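Student: Sharing a structure here in structure tokens format.
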């Protein structure tokens, strides 16, 4: 299981790393052929409350699946990405059966 977590221009807290690991392990449980997962966390430069972005790239044979969401917290953003990726993984599995 290859999970790469990249905070862009800030230090990441251990609790966020743990939350990310748990969520990404669930994705591996959905589809065994996942090669790797890359998670990027960014702080957007705006004055809104929703300025924390999570972008997740799931590497599977043939294509990469991608989701990027912005929310008030990184956890909220990651959870929204997970919902989108779950749908993409299911579609990918159906196409390759």
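Bear in mind these aren't lab numbers, they're just calculated from the coordinates by the rules spelled out. Computed from a prediction, not measured in an experiment: that's the story for all the values here. Using ideal geometry, Cβ is built from the backbone for each residue, glycine included, and neighbour counts are taken over all protein chains shown.
Student: Only residues of segment 41-56 count here: report those whose backbone N is under 20 Å from the spot 7 Å along Cα→Cβ of residue 72, or say none.
Tutor: 42-55
Student: Would you mind giving the average projected area, over all directions, of the Cα convex hull of segment 6-97 in nm² with one decimal?
Tutor: Numbers: hull surface 23.7 nm².
For segment 6-97, averaging the hull's shadow over all directions gives 5.9 nm².
Student: Oh, and also: Please give the calculated 222 nm ellipticity per residue for the chain, where each DSSP H segment of at least 4 residues contributes -39500 (n - 2.57) and the sum is spread over every residue; nearest 500 deg cm²/dmol?
Tutor: Values: 2 runs with 39 residues, N = 97.
Calculated mean residue ellipticity at 222 nm is -14000 deg cm²/dmol.
Student: Hey, fewest Cβ within 10 Å first, where do 15, 50, 77 land in order? Please report the intermediate quantities before stating the final value.
Tutor: Numbers: 15 9, 50 14, 77 24.
Exposure proxy ranking, most exposed first: 15, 50, 77.
Student: Moving to a separate point now. Would you list 91, 69 from fewest to most Cβ contacts within 10 Å?
Tutor: Working: 91 11, 69 19.
In order of increasing Cβ crowding within 10 Å: 91, 69.
Student: Beyond 17 Å, what percent of the Cα pairs of segment 20-68 remain?
Tutor: Details: 485 of 1176 pairs.
I get 41 percent for the Cα pairs in segment 20-68 exceeding 17 Å.
Student: Sort 96, 19 so that the residue with the fewest other Cβ atoms within 10 Å of its own Cβ comes first and the one with the most comes last. Kindly include the intermediate steps, with their values, before the conclusion.
Tutor: Working: 96 12, 19 15.
With the fewest neighbours first, 96, 19 line up as 96, 19.
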